[in-house]
Every structure is written in structure tokens, then in C-alpha cells.
Amino acid sequence: MTDLDQEFEFDDTRGRITFDFQGLIFRILRNWMLIAVSIGIALGIAYYINVRKQNIYRLNSLISVESEQNPFFTANTSISFNWGGVTGKLGKVMTTLATRSHNELVIDSLQFYKQYLKQGKYHLLDIYTASPFDIVIDKSEYQVLGLPIELKHVSDNQFKIIYDFGESVTVSTQRYSDRTTKSVAITPGVFEQIFNYGEPVELPFFSGTVYKRNNKNPDTNNQYFVRFLNFDGLVSGFQNSVSVNFFRGSSTVLSLSQSGNNKAKIVDYLNTTARILSDTELRTKNLYATNTIAFIDSTLGVVNDSLKNVNKEMDDFRSSNKVFDVSESITDISERLKEYETQRETERIKVNYLNNLETYLKNKSDYTKIAAPTSVGIEESGLLNSIGKLTALAIERKNQEKTAREGSILLRRLDSQIDTEKAVTFELIDAARRGVNLQLGSINSYIDKYESELRKLPQEQQQFLKIQRRININQEAYNVYQTKRSEAAIVKAANVSDISIIDAAKDIGNGPIGPKKSLNYMMALLVGGIIPVVIIFLFFILDRNIHNTQDVERLSQLPIIGLVGEHKHKNNLVAFEKPKSAIAESFRAIRSSLQFIYKNQKEVKGAKTLMFTSSISGEGKTFCSINMATVYALTGKKTVLLGLDLRKPKIYDDFKVTNNKGVVNYLINDSTLDDITHTTQIPNLDLILSGPIPPNPSELLMSDQMNDFITTLKSKYDMIVMDTPPLGLVTDAQELSQHADATIFMVRLNYTKKGMLSLINSKAKKGELKNVNFLLNFYNHKKSYGYGYGYGYGYGYGAYGDAYHEKDKKSILSRIKGVFKR
């Protein structure tokens, strides 16, 4: 039978598995002090944690992300461009918030790497702008990292810098201008030096100027510090600090929230991150406009140079030729020719734009710098949309490069989309170029027609008209580009970001969201209660000992004949030497119960026999057999106590006799019955010991001499009490059971194993033992009340006491030991 089987028993009467839930409950109740101590310790730990944790606050702000596709310029302007829309702009915003580049901008703007601290009760507190000191650092110099440098107010104009470097000779520093780090040498020991407010401080580990914030003197009762943090590590900590969610189901409004220990710091971070998001998005949105203006500026330069050259040419012509008048018809032809030449110049510019665009797309990889096709008068919607999509994809790829690795699935997908759109753009460029070339062919035919008519004029007039037309063409082109540039600049200046702040973060006195102190206490109660209960449960499951009558009744259907309490008497003669004790009374009660058993055995005549056995040694067979024989003898019945434990005899010690002769001598015909019989100090009680330990005890007990021996004793005595070996260890007791009218199986509480009862159950069921009853020894009322359990037993049987006799006075130490035993 396994350890678990001893708690999960099979109930023969009901045919199901049972568990001693009631016993478990009583075990838990008995150990209430352990549970209370465990809960107290857990609550103490929770309190220790709660008082040392700083409050955590959460604040939020709302931003709007517009998702409509805005024209680059209005319908009233000559330049128009669809920026490509903002499909996925919400996703881009969420991604941007977690990028290193964005958080670097925010942290650098707020200088969060400069941490103002105040000594609290348990730790340093981040007080941010509540610090009475304001430090302006020199970013070109190195600042010590991670060490809280104390700033102590000395006077209205002076302060002191204090830090104990201990035995260190170098410290780690960082220069925030380029974020490089290095180790610098310092002098070991305590650094302490006075400086003036407002004057630069140049030290190996600190460079900057310290001011009094709001020109107020710091409180000298508090300790203030400044600590510089590693910029890259700080950025990594802030990268995922902002939570982004849609606001109440809106598809265009995002809620940005952040948690931290300092509310002012959270407010500044949320508002600054929203502002930088908006500024970055506006710069990206104006990128096409900036490229267009740059393109127009370069073209204006070329046109301006051409206009200057042709004006100089006209001046030179007029200075070397006489002034003459041109007829009205010739002037009309010249004006028409000028119009066609202007158109031809416009179409040539378009062809140059398309050729340059094609070359750019073939040779470049950054497609965010393309000028708007409408800046040169190209209005084909397909080409405009394709360039817009290509630019939008290029911008998105540039943003994704901040967080995605090169070669990642996301970047490969974007590259594939860019290549596909670029192929479409090449086809549209070819189509637009063919259209422009057709238009140029038509314009050139008209120009040839009018130029042929002008060739009939004198050479001077032809040259004059040609120069005049070039002046007019360049002037008109210059005016057009100047107008377009002004329009683009106006629209760029008037443009607004698609990301706007709806509700800025603000400290309105919200309480902390953490730590969850009540939850910590609840967890402490739960854990503090569960752990000891689990331990008790495990001990209960693994406990193999019998502790009370209920355990016996649950494991066996054999009757319990009585209970014998634990005691601390000097020997085993309790019933004789303390006849008024509770121990003696319990044996008299057992004697009465045996009378009913013997009365039911009508076939048994003459002396009655009673056998004591147990599962193993140490369970009280000898003690109970001595006292049982004593109570029978004290009633006047002639009683004999047989020591039949031939392997480990014990009885002789209590009666102060030697074990030189006994049953063994009789069975081997070495002594007579009178020789082995001892008269004791107890009236009517004789004692027959086991004698020397034989080499073959089982064979002797199975012999015919043993049968004759018992028969002889029955004729001489009224009551025969047999102290036999343990039934669970040897077969001797089973062989002797044929001579017993009743058998008492000893169960020592808190000692006998539960599995041993299955042995006696089996033998009783097979009829190998007759009239078997359990006698529960070492019973303690205080420990066994209801479902009481205890582990405070002894192992010697000369140590039984008078628990139910007079109560001995106990010392304080003894009482304390008793509590721990329970």
C-alpha cells in the first residue's frame, strides 16, 4: 500500500474510494498558529514592498490623424499634385512612436538624460522640474554616467558638489553632442568643492552651469542630486513607453498614454512627442513642395541668364544698326511666330523634364526628391498619380527603415511595390513623351511656315524680329516660373500637418494607478494562507501513521476494545503501583469488555487465554500485557503472564528477575513447570519468562510440547495472558493464535503505520486470528480530541506517564516545547 493509498482508502462496504476530508480539516485547524504566522509574514513582506514602491501615474493626450488625400495645391493654382494619400498613416504614426529616431528627438528636446533627484525615506525620488537647481550642461564635454552627484546649497551665491568615488580611479562618461562614451580618470575618495551659482563648472566628470530655479534658495533640510543617464539606454527604455489606442472607436483620433512616477515628466513627454510627430509629418508632407520649389529655382536661374543674354544681344544690335519701323503685317506674323516658339519652348521643357525624370528613376534609389510634373505644365493624371504613389512608397520605406532591418519582409514588400510602380511610371513617361513630341512636330510645322514668310524681309529686319521674339519668350517663361514659385511657396507656408493635438496631456490631480497596494495585501493573504495549507496537505497525504480512533475505524472493520493513555511512570507496573490512575482504570474497562467476548464463547471451558501482538516492536505489547494480567490478578483470579517473545524478551526487567530459565527450557525438557514459574509481588500473578533465546523459536512454538504446555496451564490458572512477538515481523504470533481465546492487536497512536492494518484485516478475514480487537495505546486527549494529531511520542516503554493521574507541574520551557510538539 502506497503513502497516497493510506489517505485515499477503498471503502469495502460502499464500493468506492474515500478520502478523509474531515481529518484534513481538523489537521488544518490544529495548525492555525502556523497559518497565522505565515499570513503575518506575508503581510509584513507586502507592507515592506508597498511602502518602498513609488506611486505610478498614467496620463494621456489625444491627437487627430487626418486620412483624406489633400491636393498639393488648390484648384486656383497652376500647379497641382496628389501627395499619394495617407493610406496607413495611422499605422505609420504608431510605428513612429516606437522608433529610436523619434524617441531620440523627444529625449534630446527635453533633456531627460539629466535627472534631478531628491533623497526620500527609502530611495531617491525623481523630482524633475521641482528641483531647486537648474543645470545647463556643456554638451561638448563629457558627463559622468549613473552616479548621483549631490548638490548642496551653501549660501546665496554658492553651492557645493559632493560625491564619494570610493576607491574608483575611473568613471564612465558620455558626451551628449555626439553621444560618445569613454572612461575618464578621477581622484579616489570623497570629492567636495564649493562653486558659484551661474558660473561654469569644469570638472573631469561634470561640465555645466548651476542656477537656482526661480532664483529661490534650496531647502538645506533635504538632499538634492543630479544624475546623468546613458542616452542610448534611456532611449531604449522610452521606445515602447507610450501606449497607443483608438479613442472611443474613432478611426482618426488616437489616445496616447504613458505611465511613470513623475506626472510633470509624463505631461512633457506626451506633449513633446505629439508636437514632434506633427512637425515631422509636416516636413514630410512639404517635401514634394520643397523639391518643386528647388526645381523651379534652378530653372529660373537658367531662364534669367538666357534673358540677360538676349537683352544684351538686342542692345548690341541697336547700337550697330539704324532704327527702323516694321509694317503691321510683318508684326502680326512675328507675334504668331513668337506664340508658336513659346509653345515649342514649353514642350521642350516637358521633354527635358521627362528625360531627366527617367534618368533619375534609373540611376537613383531615393525617390522622395522628385519635383511635381505640374511644375513644367504636365497634366496627365496617370503620370501624376504614379509619381505620387512612388513618392509615398519611398517616404514609407524611409520611415520603416528606422525600425525594420534591411532585408526584412516589410522592406522587401515595399521594394517590390516600388519596383512595380516604377515600371508603370516608365510606361507613362514614354506615353507622355510621345504625346509631347507629336505636339512639337505640329508646332515646328507652323514655325517653319511663318519663318519662310519672314525670310522675304531684309536681313536686318529678320534679325531684329528674331531677337525681339526671343526676348518676349524668355520674359514670359520667367514670369510663368516666378508665378509658379510664388504659388508653391504660398501653399507650403499655408500648409498644416495632418497630425494635430486635440487634447494636450495635463496633470489634473488624478490619483496613482499603482502600485496595487490592496492587491498586494490580498495576494499576501492568499499566498500566506495557501502555502502552509499546501504544506499541511502534503504532510497529511504523506503521513503514514495512525493518529486516532477514526483512522482505525476508516481502515478496518475490526472493533476497538479500548484506549490506553500515555504516561511517564518509572516502570510498566502502573496498574499495580497506581491503581487509582486513569491508566489503571482503562485496563479495568478493557477487562470488562473482554468478559462479554468470553461469555459468547460457550464452548470454552476453564481458563481463558488472551494474546497480545502488534505489527512491529515498540507499540506497547509488553506494557499492556503486564497491566492486563495485573488487573485480572487483582480481582482474585489466578493469573499467569507468559513471555512468549522468544526472540526479544523484555518482561523480566519490570519484575526484577533474570531470564535464565523459561518457556524455552520447558519445551526442550530442560526444566519443569515449577522451575520456570516466578511468583511476583502482585497477588495471584505468576510469571513465566521466555528463557534463553533459541535458534529455532518458531519450531518450538509449533511443537506438541507447546500444546501440552498450554493445556497444563489452563488446568492450573484462571487467566493466561500471552505476550507474543510482533505479527508483522515474524510468524510466531500466528502460530500461537490457535491457543488464544481472544487476540488484542496493539496500535500505538502516532507510531503504528496505517498500512499495517491491512495485514491484520487480511488475517482476520481468512480466520487465521480469532476475536481480534484493537487496543489503542499512547492516547492523548489533548492531541486526539475529535481529529487530533500529534507527533510528540517517545520510543521507550519505561517512559509511560500518568496523564490522567495527578497533573505534574510543568516549567515554562516544558510548556513551550509542548506547543512546538503539537
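The values are calculated or read from the model by the stated rules, or taken from the named source; none is laboratory data. Everything quoted here is computed from the prediction, not taken from an experiment. Cβ coordinates were reconstructed from backbone atoms using ideal geometry, including for glycine residues, and neighbour counts include every protein chain displayed. Heads up: the accessible areas ignore ligands, DNA and RNA and are worked out on the full protein's heavy atoms, side chains in. Shrake-Rupley method; radii C 1.70, N 1.55, O 1.52, S 1.80 Å.
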message: For a quick size check, give me the Cα extents of region 86-179 along its three principal axes, largest first, whole Å.
response: 59, 30, 29
field: Residue-by-residue Karplus 3J(HN,Hα) for region 248-261, coefficients 6.51, -1.76, 1.60, Hz, glycine and proline x
entry: 6, x, 5, 8, 10, 10, 10, 9, 9, 9, 8, 10, x, 8
- prompt: How would you rank 500-512, 736-748, highest first, on the average number of other Cβ atoms within 10 Å across their residues?
  reply: 736-748, 500-512
message: Over the chain, what is the relative contact order in percent, taking alpha-carbon pairs closer than 8 angstrom and at least six residues apart?
response: 16
Sites matching GluC sites (Glu not before Pro) across region 504-612 that sit in DSSP coil, with at most 16 neighbouring C-beta atoms within 10 Å: GLU603
field: Eligible lysines near LYS449 by straight Cα distance, threshold 16 Å, same-chain separation 8 or greater
entry: LYS338, LYS466
query: Among the aspartates and glutamates, which have Cα under 20 Å from the Cα of LYS53 when same-chain residues fewer than 8 positions away are ignored?
result: ASP126
Long-range amide H partners of ILE560 with built H, under 5 Å: PHE774
- prompt: Which of the residue pairs LYS608/LYS714; LYS114/LYS398; LYS364/LYS492; LYS637/LYS661 have a Cα-Cα distance greater than 19 Å in the structure shown?
  reply: LYS114/LYS398; LYS364/LYS492; LYS637/LYS661
Where labels lie 7 Å past Cα in the beta-carbon direction, separation of TYR122 and LYS570 in nm: 6.2
- request: Sticking with the crude label model, points 7 Å out along Cα→Cβ, report the distance from ARG248 to ARG412 in nm, one decimal please.
  value: 4.4
task: With r as the distance between the Cβ atoms of GLU167 and ARG647 and R0 = 60 Å, compute the FRET efficiency 1/(1 + (r/R0)^6) and round to 0.05.
output: 0.20
field: TYR521 paired with ASN309, simple spin-label distance in nm, labels 7 Å along Cα-to-beta-carbon
entry: 9.0
- request: In debye, nearest 20, what is the charge dipole magnitude of the chain about its Cα centre with +1 on Lys and Arg Cβ and -1 on Asp and Glu Cβ, if you could check?
  value: 2860
statement: Of all DSSP beta bridges having both residues in the chain, the percent classed as antiparallel (nearest 5) is 70
message: Tell me the label only: which of (i) 28; (ii) 24; (iii) 62 is percent of Cα pairs over 46 Å apart as calculated from this structure?
response: (iii)
query: Given the Cα-Cα distance of ASP366 and ASN479 and 0.36 nm per residue of separation, how much length would full extension add, in nm?
result: 37.6 nm
message: What is the distance in Å between the Cα centroid of region 431-452 and that of region 680-740?
response: 141
- request: Could you rank the peptides 473-482, 191-200 by their average count of other C-beta atoms within 10 Å per residue, with the highest value first?
  value: 473-482, 191-200
query: Ignoring any ligand, DNA or RNA, what whole percent of the accessible area of the chain comes from carbon and sulfur when the probe is 1.4 angstrom?
result: 52
